[in-house]
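Structure first, then comments.
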Amino acid sequence: MDVQAFWNVIGQYNQNTIIIQVILLILTVIALSLSYTNKVACLAKLMLGIANLFIGMMFFGYYGTQPIQKYFAFPLYLICGFLFLYECLHNKNDILERPNLFQIILLLLYCLYPLISLVLGNQFPQMVTHIMPCPIVSLSIAVYAGYKRKSKLLLLLLTIWGLTGIKSVIFAAYEDIILLICGIYGLYLLAKEFRLLKLMKVT
């Protein structure tokens, strides 16, 4: 994928959706607050589902110009979005545990995404915001880690995108090192899930 095309898509997306992004960010913060305080446990999954669907449809489906955006990222985000909504309904009573130290660090890094993008010399609209593909997957992994019941397919898809954070060097989007860290954490979570599954089969 061409580097300039990558940043052009970001610029067009930000220019035309910034108001919707702000609304989604506010709703996401409220949802996380209510879920982490166990007032509405499934609300975080609902908002993550909506955010992933929005990015899939708008960032990749509407503004995307490259084949990898249309035929890889677009369906991946749609599937993640629908899986979050399914999890919200199917495991609606699953409690979101308070984040551990590492999850807190990941959540803080998510919050710092736009600031890091600015420090790296990017300017609006060609900069990374909170409601964009890589930050949303980073947030999704950090938050989903706190739920006891996890869809292995959803976790796998989030981890696959997380590991694409390696492109941070290729596209000079060094803020996406955060994404890569989350992707590696996703691998750890997957290994943990499969280890638990193996133990359950043994017992």
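The values are calculated or read from the model by the stated rules, or taken from the named source; none is laboratory data. This is a predicted model, so every value here is computed, not measured. Glycine gets a Cβ as well: all are built from the backbone with ideal geometry, and neighbour counts include every protein chain shown. In case anyone asks, the SASA skips ligands and DNA or RNA and just uses the protein heavy atoms, side chains included. Shrake-Rupley method; radii C 1.70, N 1.55, O 1.52, S 1.80 Å.
Whether any residue in the range 90-103 is touching an Asp or Glu at 6+ places or on another chain (Cβ under 8 Å), in a helix (DSSP H, G or I) and either small (G, A, S) or at pLDDT below 95 (or both) is what I want to check.
For the range 90-103, residues touching an Asp or Glu at 6+ places or on another chain (Cβ under 8 Å), in a helix (DSSP H, G or I) and either small (G, A, S) or at pLDDT below 95 (or both): absent.
Is it the case that L187 is open to solvent by 40 Å² or more (accessible area, probe 1.4 Å) and either more than 27 Å from Q4 (Cβ to Cβ) or at pLDDT below 95 (or both)?
In short, yes.
Tell me which residues, restricted to the range 38-62, are more than 26 Å from M127 (Cα to Cα), open to solvent by 70 Å² or more (accessible area, probe 1.4 Å) and without any contact (Cβ under 8 Å) to a residue 40 or more places away in the chain.
Correct list: K39 only.
Taking the range 87-111 on its own, how many of its residues are touching a residue at least 60 places away in the same chain (Cβ under 8 Å) and surrounded by 13 or more Cβ atoms within 10 Å (Cβ to Cβ)?
Residues in the range 87-111 being touching a residue at least 60 places away in the same chain (Cβ under 8 Å) and surrounded by 13 or more Cβ atoms within 10 Å (Cβ to Cβ): 7 in total.
Quick check, is N8 touching a residue at least 12 places away in the same chain (Cβ under 8 Å) and over 15 Å from the mean Cα position of the chain (by Cα)?
So N8 passes the test.
Give me a count of the residues in the range 142-176 that are in contact (Cβ under 8 Å) with a residue 60 or more places away in the chain, part of a helix (DSSP H, G or I) and within 15 Å of C80 (Cβ to Cβ).
Residues in the range 142-176 being in contact (Cβ under 8 Å) with a residue 60 or more places away in the chain, part of a helix (DSSP H, G or I) and within 15 Å of C80 (Cβ to Cβ): 8 in total.
Restricting to the range 63-86, give me the number of residues that are open to solvent by less than 30 Å² (accessible area, probe 1.4 Å) and either among the aromatic types (F, W, Y) or touching a Pro at 6+ places or on another chain (Cβ under 6 Å) (or both).
Adding up the residues that qualify gives 3.
Scan L34, L27 and give me the residue that is open to solvent by 70 Å² or more (accessible area, probe 1.4 Å) and either in a loop (DSSP other than H, G, I, E, B) or among the hydrophobic types (A, V, I, L, M, F, W, C) (or both). It would help to see each step written out before you state the result.
Details: L34 fails: open to solvent by 70 Å² or more (accessible area, probe 1.4 Å).
That would be L27, the only listed residue that is open to solvent by 70 Å² or more (accessible area, probe 1.4 Å) and either in a loop (DSSP other than H, G, I, E, B) or among the hydrophobic types (A, V, I, L, M, F, W, C) (or both).
Could you run through the range 37-86 and say how many residues are in contact with a Leu (Cβ under 9 Å, 6 or more places away or on another chain), within 24 Å of Y147 (Cα to Cα) and in a helix (DSSP H, G or I)?
The total comes to 24.
All but one of (1) out of contact with any Gly (no Cβ under 7 Å at 6 or more places or on another chain); (2) within 19 Å of D176 (Cα to Cα); (3) modelled with pLDDT of 95 or more hold for G146; which doesn't?
(2)
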